[in-house]
Amino acid sequence: MTNPPARRTVLGTGGAAALLVGCSKYGDSGGSSEASAPPATSVSPSASGAAGGTELARTSDIPVGGGKIFKDRKIVVTQPTKDEFKAFSAICTHQGCTVSTVADGTIDCPCHGSKYRIADASVAAGPATRPLPAEKITVEGNSIRLP
């Protein structure tokens, strides 16, 4: 005969599951539109360090005042000002769509119209309320690399 689980086992398991959901990287915390942007990775072409990682693009591939989306890597790289490169997740924080364009100083999502600023990925237009998470890149000479 199989014994049913004890009440405290069921409650403990449910509590652990709720804790995991609450700590999820992409869980909606009911954030406000005043959420601050994450620190963005900003690297200049003269950055020192050992060459390594996978080359994502050449610096010449990223327009000044614009950016480029790498859908296969789910990353967007921007160049807000000359020789300042930043990288962010290409997944919209509203409902998980992949952003589709970088134009007029914003990273744009095609699903519901959210827009993020290229300088820091903060929300320029909703419905998204949270910025795009920053991603790590390194710039070595003319090469933009993922670590």
(request) Would you tally the net charge around Thr98, using a Cβ to Cβ cut-off of less than 15 Å, leaving Thr98 out, and scoring K and R as +1, D and E as -1? (result) +2
(request) Please compute the net charge surrounding Leu146, taking Lys and Arg as +1 and Asp and Glu as -1 over other residues with Cβ under 15 Å from its Cβ. (result) +3
(request) Tell me which residues come under 5 Å, amide H to amide H, from Gly66 once H is placed; ignore anything under 5 positions away on its chain. (result) Gln79
(message) So if each residue of separation counts as 0.36 nm, and I subtract the Cα-Cα distance between Ser60 and Lys74, what length gain in nm does that give?
(response) 3.0 nm
(request) Work out from phi, with θ = phi - 60° and the Karplus expression 6.51 cos²θ - 1.76 cosθ + 1.60, the ³J(HN,Hα) of each residue of segment 62-77, listed in order in whole Hz, and give x for Gly and Pro. (result) 10, x, 5, x, x, x, 9, 9, 10, 4, 5, 9, 6, 9, 10, 10
(request) Could you please state how large a percent of the accessible area of segment 86-147 is carbon and sulfur, counting protein chains only and using a 1.4 Å probe? (result) 49
(message) Could you tell me how far the Cα centroid of segment 77-92 sits from the Cα centroid of segment 107-142, in Å?
(response) 8
(message) Using a 7 Å offset from the Cα along the Cα-to-Cβ direction at both Ser100 and His112, what is the distance between the two label points in nm, to one decimal?
(response) 1.6
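The values are calculated or read from the model by the stated rules, or taken from the named source; none is laboratory data. Values in this document were obtained by computation on a predicted structure and should not be read as measured data. Note that each Cβ is placed from the backbone with ideal geometry, even for glycine, and that neighbours are counted across all protein chains shown. Heavy atoms of the whole protein, side chains included, go into the accessibility calculation; ligands, DNA and RNA do not. Shrake-Rupley method; radii C 1.70, N 1.55, O 1.52, S 1.80 Å.
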